[in-house]
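Have a look at the structure below before the remarks.
The values are calculated or read from the model by the stated rules, or taken from the named source; none is laboratory data. No experiment lies behind these values; they were computed from the predicted model shown. Here the Cβ positions follow ideal geometry from the backbone for every residue, glycine too, while neighbour counts run over all protein chains shown. Keep in mind that these areas ignore ligands, DNA and RNA; they rest on the heavy atoms of the full protein, side chains included. Shrake-Rupley method; radii C 1.70, N 1.55, O 1.52, S 1.80 Å.
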Amino acid sequence: MLSKVLGAAGVLLLLTGLFLATRPLHVDSVSCGSVYAPDKGITPMQCDTRLDQRMNLVAGLAGGGLVIAVAGFGFAAVRERRTQVGS
């Protein structure tokens, strides 16, 4: 049960991070683009700060989600292995 909860929570965090990375960012009605595709050309200085903050948030959510999901799948693999060895 724990492995399923960890796996689901990890995948949810990972998908949330990816969603925020692709979502466009606007500052004072100026489009800054997204983390993956900032607008081309010179952007206002407010965009730089906001894009950096968004990138940190995306990295934290996606990285944490990946670690939690791998831990959940690892627990499932260990449990499966123990049941096979015990039989």
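Quick rundown of the values:
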quantity: Label corresponding to Rg and Dmax of the Cα atoms in Å when calculated from the structure given, among (1) 15.7, 51; (2) 18.8, 65; (3) 14.6, 47; calculated: (2)
quantity: Å² of accessible area per residue within the chain, as computed with a 1.4 Å probe and no ligands counted; calculated: 71
quantity: Arg50 paired with Val5, simple spin-label distance in nm, labels 7 Å along Cα-to-beta-carbon; calculated: 3.8
quantity: Normalised contact order of the chain, rounded percent, pairs of Cα under 8 Å and 6 or more residues apart; calculated: 46
quantity: Computed accessible area, Arg54, all protein chains, 1.4 angstrom probe, square angstrom; calculated: 40
quantity: Amide proton proximity set for Gly33, modelled H, under 5 Å, gap of 5+; calculated: Leu25, Asp39
